[in-house]
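Q: Below is the structure I would like to discuss, written out as structure tokens.
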Amino acid sequence: MSDTKFNIWNAYIYEALLILTGDYKLFKNNKIVSVILTYCKPDWVLWKVQKTLKEVDVEIDKIKAMWYKEEPLKFEFIEHEPDGSKAQELLGGTIEIRSTFKRS
């Protein structure tokens, strides 16, 4: 996912107000807080998605490293560059899997 632009301050404000509305009834029913939450939510969603995807990438790398230590690959992954279409721009290029098995 490409880095979509968002206002990090709006994301932090939204996160802080979520905590406050969970702990204090005064903030939960406040109309100004409600308007601020509505305004800041799109930035918070983009920030949260990017943060989660980065965490997932780190976990994937850890799992791959663990697999490579346990047993050498019997196949190889080949990732091709996107061809310029809208779908591949969003999802990435095609992936090819080849066996590394060789007959004796």
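Each value in this text was obtained by applying a stated rule to the coordinates, not by laboratory testing. Given the structure is predicted, the values throughout are model-derived calculations rather than measurements. No Cβ is skipped: glycine too gets one built from the backbone with ideal geometry, and neighbour counts run over all protein chains shown.
Q: May I ask for the angle, rounded to the nearest 10°, between helix 31-70 and the longest principal axis of the chain, with both axes built from Cα atoms and the value confined to 0 to 90°?
A: Long axis of 31-70 versus the principal axis of the chain: about 20 degrees.
Q: Considering Cα pairs under 8 angstrom that are at least six residues apart, work out the relative contact order of the chain and quote it in whole percent.
A: Reported relative contact order: 23 percent.
Q: Looking at Tyr68, Ile19, Ile36, which one has the Cα that reaches farthest to the positive end of the dipole of segment 1-68 (charges on Cβ: Lys, Arg +1; Asp, Glu -1)?
A: The listed residue farthest towards the positive side: Ile36.
Q: Short version: what are the Cα gyration tensor semi-axes of the chain, square root of 5 times each eigenvalue, largest first, in whole Å? Walk me through the numbers on the way to the answer.
A: Numbers: eigenvalues 391, 70, 12 Å².
Whole-Å semi-axes of the equivalent ellipsoid: 44, 19, 8.
Q: Relative to the present Cα-Cα distance, how much length would full extension add between Lys64 and Glu96 at 0.36 nm per residue of separation?
A: Fully extending the segment from Lys64 to Glu96 adds 9.8 nm.
Q: In deg cm²/dmol, rounded to 500, what helix-only [θ] at 222 nm does the chain give when every DSSP H run of at least 4 residues adds -39500 (n - 2.57) and the total is split over its residues?
A: Numbers: 4 runs with 66 residues, N = 104.
Value at 222 nm, helices only, nearest 500: -21000 deg cm²/dmol.
Q: How tilted is helix 8-23 with respect to the longest principal axis of the chain? Cα atoms for both, answer in degrees (0 to 90, nearest 10).
A: Roughly 60 degrees, rounded to the nearest 10.
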